[in-house]
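Following: one structure in structure tokens, then a few remarks.
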Amino acid sequence: MQRALSVTRAQNFPDWYQAIVKEADLAEASPTRGCMIIKAWGYGIWELIQQEMDRRIKATGHDNYYFPLLIPMGFIAKEAEHVDGFAKEMAVVTHHRLKNIDGELKPDPEAELTEPMIIRPTSETIIGDAFSRWITSYRDLPVLLNQWANVMRWEMRTRLFLRTAEFLWQEGHTAHASKDEAMDETFLALELYRAFSEEWLAMPVIAGEKPAHERFPGADNTFSIEAMMQDGKALQAGTSHYLGTHFAEAQDIRFTDKDGERKLAHTTSWGTSTRMIGGVIMTHGDDDGLRTPPTIAPKQIVLIPILRDKPEDEAVIAYAKALGEALRGLTAFGLPVRAHVDLKPGKSADKRWDWVRRGAPLILEIGPRDATNGQVSFMRRDALREGDKLKSHAMARDEFVAQAPALLAEIQRAVFAEAHARLHGNIRTDITSYHDLAAYFGSDEDGGGFKGWVRAPWCRPAGAALDAVVEKLKALKLTIRNAPLDQPATFGPCLFTGQPGVEEILIARAY
RNA sequence: CGGGGUGUAGCUCAGCCUGGUAGAGCGCCAGCUUUGGGAGCUGGAUGUCGCGAGUUCGAAUCCCGCCGCCCCGACCA
């Protein structure tokens, strides 16, 4: 069977991922190492993610701010764990002028900065500095802010959307009078991400707390949402941190409480990034390209007029334009329907495959017969084929217009249901020992195939005992993703030690 | 940053071992044919062979250095 992509998932999942990013016109590598050029379809998806995420962030009482890209180097040094976590991947700005030296353009040695700047890898330090000036009284709290920005981390190995040196994200930063309040905020953000991911990206996730060794540098608690990709690997799609008073101590974020005492503020931070697009690709993509969930499809309904250089072309174009106009007058997911008439010159078959690869949810092919009979021929991208053939539906024009929002909602439900079944059908709870874990994940060489996740109790060891567990998992290329928020009342024995378990964790291969 | 691979037309790649005029398929352009679905025929255009230095009468090919990308590892809130 001829597929719209050059590689199938079964042949080679990483190659398939690269093919879809390129062939669905999402992004490409740039001349700048590790950084990507996000193209129209990919950036359009990001804008729709931003729009709805921003709405939800504001609806929970946060305001947007903007802080500088460059951070004085001294700032990053203030919180010890934070430095350790980020020092290795920092881009540093050291000069403010170039000079032509012997025909070569070089940083001017005479223009070296007295204090180098780092390009923000995250903004805790520069926002903490502002907090220390803004917060003096309990009346100033809580501070609830968010920032949309680009950040840079000098990653050793990059993959488009999943891990790039520069990426786009939102970072929420808040300061509170008490630990309880800050913890509530941390969970609020986590729940916002869970709901957003499932409702808007149609990407089911499991929210939980990261184990100690996976915490954000400088956090007391780190929580994540984890999604399952079609190869069984886990993808961390959002994180939320309770930072305790670490940054408050390091940056002197103090306030006078009602009782007249000077107290340290409790801070949080939380973020989601363009990485979510990578998650959407590996959740909803198929061998014909992306199946973009209608909520985030830059064009939800694409109309392709079938033209043949004949007089009747004009009527076909007029019919398609009028239909597009009618569709744009509708509302879906609380927003105007995004319908597009593709009038670019070119063969209609090529145009159709372009939209199949990008994953426009509804693809309409409007020919002379449709125009004459007042009909619509359309394909649902989520259920593109019947057997080897493309499945085309026919419907009266007015009925289609009446049905379009419901169809989009149905597609959204369908892609979510598929992903939901995959996630919840592939978490094994019957693996109770490291031996069984190794038997399950260790059998790769004999063609292993799809491996899901394992959910099992553990005794939550610390120190050297935790290191030993991490090593054992590493031998199987496994990581602990998180301890899901919903925990049972009682626990079986620890998967690793056989001692009494204290919580259940998810174990998986991960991106 | 370590090990391996790789870089030749817009894309996928051959040519490199054994130095001697830069190739194929797809795509692109033109013409004709076709027309409810990834069309056919004919003709055409397109290359600093990743970059730099070297050996040679002559380098895509051999030597050295550098860079990008891919895989594995390390690293990765």
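The values are calculated or read from the model by the stated rules, or taken from the named source; none is laboratory data. From a predicted model like this one, the values you see are computed outputs, not experimental measurements. In this analysis, Cβ positions are derived from the backbone assuming ideal geometry, glycine residues included, and neighbour counts consider all displayed protein chains. Quick note on the areas: whole protein, heavy atoms, side chains included, nothing else; ligands and nucleic acids left out. Shrake-Rupley method; radii C 1.70, N 1.55, O 1.52, S 1.80 Å.
So which of A:GLN51, A:GLN18 is out of contact with any Gly (no Cβ under 8 Å at 6 or more places or on another chain), open to solvent by 80 Å² or more (accessible area, probe 1.4 Å) and either at pLDDT 90 or above or of a type in the set (Gly, Ala, Ser) (or both)?
From the options A:GLN51, A:GLN18, the qualifying one is A:GLN51.
Take A:ARG381 and tell me if it is within 25 Å of the chain's Cα centre (by Cα) and at pLDDT 95 or above.
Working: within 25 Å of the chain's Cα centre (by Cα): yes; at pLDDT 95 or above: yes.
Judged against the criteria, A:ARG381 is a match.
Open to solvent by 50 Å² or more (accessible area, probe 1.4 Å) and within 12 Å of RNA strand B (Cβ to nearest atom): does that describe A:LEU303? Step through it out loud before you land on a result.
Numbers: open to solvent by 50 Å² or more (accessible area, probe 1.4 Å): no; within 12 Å of RNA strand B (Cβ to nearest atom): yes.
When the stated conditions are applied, A:LEU303 does not pass them.
Just to be sure, is A:GLY271 part of a strand (DSSP E or B), at pLDDT 95 or above and either within 11 Å of RNA strand B (Cβ to nearest atom) or surrounded by fewer than 20 Cβ atoms within 10 Å (Cβ to Cβ) (or both)?
Details: part of a strand (DSSP E or B): yes; at pLDDT 95 or above: yes; either within 11 Å of RNA strand B (Cβ to nearest atom) or surrounded by fewer than 20 Cβ atoms within 10 Å (Cβ to Cβ) (or both): yes.
For A:GLY271, the condition - part of a strand (DSSP E or B), at pLDDT 95 or above and either within 11 Å of RNA strand B (Cβ to nearest atom) or surrounded by fewer than 20 Cβ atoms within 10 Å (Cβ to Cβ) (or both) - is met.
Please count how many residues of segment A:371-390 are part of a loop (DSSP other than H, G, I, E, B) and open to solvent by 70 Å² or more (accessible area, probe 1.4 Å).
In the first step, residues of segment A:371-390 are kept if they are part of a loop (DSSP other than H, G, I, E, B); the result is A:374, A:384, A:387-388.
Checking the rest, the ones that are also open to solvent by 70 Å² or more (accessible area, probe 1.4 Å) come to A:388.
So the count comes out to 1.
Would you mind listing the strands (runs of 3 or more DSSP E) fully within segment A:39-153 where at least 1 residues are acidic (Asp, Glu)?
On the way: elements: A:70-72, A:92-95, A:98-101, A:104-107, A:112-119, A:143-152.
Answer list for segment A:39-153: A:104-107, A:112-119.
Which members of segment A:467-481 meet the condition of being in contact with a helix residue (DSSP H, G or I) (Cβ under 8 Å, 6 or more places away or on another chain), surrounded by 15 or more Cβ atoms within 10 Å (Cβ to Cβ) and either without any contact (Cβ under 8 Å) to a residue 24 or more places away in the chain or not in a helix (DSSP H, G or I) (or both)?
Hits for segment A:467-481 are A:LEU476, A:LEU478, A:THR479, A:ILE480.
Return the only residue of A:PHE400, A:PHE416 being open to solvent by less than 60 Å² (accessible area, probe 1.4 Å), modelled with pLDDT of 95 or more, in a helix (DSSP H, G or I) and within 16 Å of RNA strand B (Cβ to nearest atom). Walk me through it before giving the result.
Numbers: A:PHE416 fails: within 16 Å of RNA strand B (Cβ to nearest atom).
Checking each option against the conditions leaves just A:PHE400.
Every residue, every condition in (1) on the phi > 0 side of the Ramachandran plot; (2) surrounded by 15 or more Cβ atoms within 10 Å (Cβ to Cβ), yes or no:
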{"site": "A:HIS62", "(1), (2)": "no, yes"}
{"site": "A:VAL83", "(1), (2)": "no, yes"}
{"site": "A:PHE86", "(1), (2)": "no, yes"}
{"site": "A:HIS96", "(1), (2)": "no, no"}
{"site": "A:ASP102", "(1), (2)": "yes, no"}
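Looking at A:ALA456, A:ALA489, A:ALA464, which is the one that is part of a strand (DSSP E or B) and away from RNA strand B (no atom under 14 Å from the Cβ)?
On the way: A:ALA489 fails: part of a strand (DSSP E or B); A:ALA464 fails: part of a strand (DSSP E or B).
From the options A:ALA456, A:ALA489, A:ALA464, the qualifying one is A:ALA456.
So, A:ALA10, is that one crowded, with 16+ Cβ neighbours inside 10 Å and over 30 Å from A:ALA175 (Cα atoms) or not? Talk me through it step by step, then tell me what you get.
Working: crowded, with 16+ Cβ neighbours inside 10 Å: no; over 30 Å from A:ALA175 (Cα atoms): yes.
No; evaluated as a whole, the condition is false for this residue.
Name, by its number, the condition in (1) more than 10 Å from RNA strand B (Cβ to nearest atom); (2) open to solvent by less than 20 Å² (accessible area, probe 1.4 Å); (3) touching a helix residue (DSSP H, G or I) at 6+ places or on another chain (Cβ under 6 Å) that does not hold for A:VAL316.
It fails just one condition, (1).
Being near RNA strand B (Cβ under 10 Å from one of its atoms), farther than 27 Å from A:GLU199 by Cα, in contact with an Asp or Glu (Cβ under 6 Å, 6 or more places away or on another chain) and open to solvent by 80 Å² or more (accessible area, probe 1.4 Å): is that true of A:ARG3 here?
Numbers: near RNA strand B (Cβ under 10 Å from one of its atoms): yes; farther than 27 Å from A:GLU199 by Cα: yes; in contact with an Asp or Glu (Cβ under 6 Å, 6 or more places away or on another chain): yes; open to solvent by 80 Å² or more (accessible area, probe 1.4 Å): yes.
Against the criterion (near RNA strand B (Cβ under 10 Å from one of its atoms), farther than 27 Å from A:GLU199 by Cα, in contact with an Asp or Glu (Cβ under 6 Å, 6 or more places away or on another chain) and open to solvent by 80 Å² or more (accessible area, probe 1.4 Å)), A:ARG3 qualifies.
Within segment A:210-225, is there a residue that is open to solvent by 10 Å² or more (accessible area, probe 1.4 Å), more than 22 Å from A:ARG275 (Cβ to Cβ) and within 12 Å of RNA strand B (Cβ to nearest atom)?
yes
Within segment A:154-200, restricting attention to residues that are away from RNA strand B (no atom under 16 Å from the Cβ) and in a loop (DSSP other than H, G, I, E, B), which residue is surrounded by the fewest Cβ atoms within 10 Å (Cβ to Cβ)?
A:SER178
Could you grab me the full set of residues in segment A:226-248 that are hydroxyl-bearing (Ser, Thr, Tyr), open to solvent by less than 10 Å² (accessible area, probe 1.4 Å) and more than 15 Å from the chain's Cα centre (by Cα)? First the steps, then the outcome.
The first filter runs over segment A:226-248 and keeps only residues hydroxyl-bearing (Ser, Thr, Tyr), leaving A:239-240, A:242, A:245.
Next cut, open to solvent by less than 10 Å² (accessible area, probe 1.4 Å) only: A:240, A:242.
The one that is hydroxyl-bearing (Ser, Thr, Tyr), open to solvent by less than 10 Å² (accessible area, probe 1.4 Å) and more than 15 Å from the chain's Cα centre (by Cα): A:TYR242.
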